[in-house]
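Notes follow the structure.
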Amino acid sequence: MIRFLLLSLLMLPVTASELVVRDVRLGLSTLPSSFDFTLKNSTTDTSGSDSFDGGLALDGGMRWSFARPGDSFGLIAGADLAIQGQSYDGGDGLTAVVGKLAGGLGWAATDTVTVTGELLAGYGLSSLSLPATTAAPSFSADGTVFDYELRFTATWLFERRFGVGLSTGWMIASHTLSGDDTDVTVDQSGWYVGLMAVWRINDEPPALQ
């Protein structure tokens, strides 16, 4: 009986979906809330930890696959532009506009479901705005941000060209800012989750020649 079952499994037709990703994506994701900071000026040199009230990132970008014809696995590359906002103590908090490059691997689990794992590197402009308190006046600073991500995404096409996606990943971001004769660094790291809408520009696989 066992031999018969094994032979039956071996005789089943084996089909594999082909990795074809030509996607435009628009998504909304959470951001890590906790951060470490350093603050330096002519009279102060201090550091500590704190957290934002909350924050979200709006991401728009593209993904393109480079799989060989007939392969369900292949390379994925793309680029994103993210607008990030995190409030602090009822004020504006930290905002940033970040351009990102992405690269990784993709797998066509089925004809409509694709799973990817990516590394992303980003650079952009950031701005910090803190409200006044009883102990200190309001503060604002501008600067730059570098961030890095490890991201896993699953997308599902409910129509030939349109679908949705779910992502999760780990982000590391470092902001370097200056304002009011004060230098500030804000370092963040943590998990995030996101939802996205997907438009597949073209679903034709690469030609054999």
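The values are calculated or read from the model by the stated rules, or taken from the named source; none is laboratory data. Given the structure is predicted, the values throughout are model-derived calculations rather than measurements. Ideal geometry is used to build each Cβ from the backbone, glycine not excepted, and the neighbour counts take in all protein chains shown.
Among the residues of segment 107-165, those identified as hydroxyl-bearing (Ser, Thr, Tyr) and farther than 22 Å from residue 72 by Cα are 123, 126, 127, 129, 133, 134, 138, 140, 144, 148. Residue-level check: of (1) assigned to a loop (DSSP other than H, G, I, E, B); (2) within 14 Å of residue 24 (Cα to Cα); (3) not hydrophobic (A, V, I, L, M, F, W, C), residue 78 misses just (1). Pairing each residue of segment 112-133 that is at pLDDT 95 or above and crowded, with 19+ Cβ neighbours inside 10 Å with any residue that is polar (S, T, N, Q) and not in a strand (DSSP E or B), provided the two are 6+ apart or on different chains, yields C-beta distances under 9 Å for 114/17. Filtering segment 64-87 to residues that are within 30 Å of residue 137 (Cβ to Cβ) and either of a type in the set (Gly, Ala, Ser) or crowded, with 17+ Cβ neighbours inside 10 Å (or both) leaves 84, 85, 86, 87.
Entry remark, segment 81-97: residues being more than 12 Å from the chain's Cα centre (by Cα) and assigned to a strand (DSSP E or B) number 11 in total.
Hey, does segment 91-102 have a residue that's in contact with a Pro (Cβ under 6 Å, 6 or more places away or on another chain) and among the small types (Gly, Ala, Ser)? It would help to see each step written out before you state the result.
Our first condition is that a residue be in contact with a Pro (Cβ under 6 Å, 6 or more places away or on another chain); within segment 91-102, this holds for 91.
Remaining after also requiring among the small types (Gly, Ala, Ser): 91.
Yes: one or more hits.
Inside segment 155-209, residues that are surrounded by 14 or more Cβ atoms within 10 Å (Cβ to Cβ), at pLDDT below 90 and among the small types (Gly, Ala, Ser) make up a count of 0. With respect to the conditions (1) in contact (Cβ under 8 Å) with a residue 40 or more places away in the chain; (2) within 30 Å of residue 202 (Cβ to Cβ); (3) over 11 Å from the mean Cα position of the chain (by Cα), residue 100 falls short on a single one, namely (3). Given the criteria at pLDDT 90 or above, closer than 20 Å to residue 154 by Cβ and in contact with a strand residue (DSSP E or B) (Cβ under 8 Å, 6 or more places away or on another chain), does residue 36 qualify? For residue 36, the condition - at pLDDT 90 or above, closer than 20 Å to residue 154 by Cβ and in contact with a strand residue (DSSP E or B) (Cβ under 8 Å, 6 or more places away or on another chain) - is not met. In segment 134-154, the residue that is farthest from the chain's Cα centre (by Cα) out of those that are surrounded by fewer than 18 Cβ atoms within 10 Å (Cβ to Cβ) and modelled with pLDDT of 95 or more is 142. In the set 90, 61, only one residue is in contact (Cβ under 8 Å) with a residue 24 or more places away in the chain, out of contact with any Ser or Thr (no Cβ under 9 Å at 6 or more places or on another chain) and surrounded by 15 or more Cβ atoms within 10 Å (Cβ to Cβ); that residue is 61.
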